[in-house]
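J.: Sharing a structure below in structure tokens format, with a few things to ask.
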Amino acid sequence: MASTRRIPKLPHRHARVTTVFVGQRGGIPYEVERTTCSVCRRVLGERPLRRAVA
């Protein structure tokens, strides 16, 4: 099965896309803000926002 991930041939400026989702850290649910590049799909940054309601 071939990978569908796009790898740009030329250097590019990352096109930042920010998403918010619920993840776990140490078994505790948190809302997490993740910034990714829409071209290469690389994770550029991630930070917990607040503790989510269980």
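J.: Look at Arg50 and say whether it is modelled with pLDDT of 80 or more, open to solvent by 70 Å² or more (accessible area, probe 1.4 Å) and not in a loop (DSSP other than H, G, I, E, B).
T.: In short, yes.
J.: Hey, another quick one. When residues of the stretch 26-44 are filtered for being assigned to a strand (DSSP E or B) and without any contact (Cβ under 8 Å) to a residue 12 or more places away in the chain, how many remain?
T.: Final tally of qualifying residues: 1.
J.: To continue, here is another question. Those residues that are assigned to a loop (DSSP other than H, G, I, E, B) and modelled with pLDDT of 85 or more, I need them from the stretch 1-25; list them, please.
T.: Answer for the stretch 1-25, where residues must be assigned to a loop (DSSP other than H, G, I, E, B) and modelled with pLDDT of 85 or more: Arg13, His14, Ala15.
J.: Now for a separate question. Can you tell me how many residues within the stretch 22-47 are surrounded by 13 or more Cβ atoms within 10 Å (Cβ to Cβ) and over 15 Å from the mean Cα position of the chain (by Cα)?
T.: 1
The values are calculated or read from the model by the stated rules, or taken from the named source; none is laboratory data. Since the structure is predicted, the reported quantities are computational estimates derived from the model, not experimental observations. Here the Cβ is made from the backbone with ideal geometry for all residues, glycine too, and neighbour counts use every protein chain on show. Accessible surface is based on the protein model in full, side chains and every heavy atom, while ligands, DNA and RNA are left aside. Shrake-Rupley method; radii C 1.70, N 1.55, O 1.52, S 1.80 Å.
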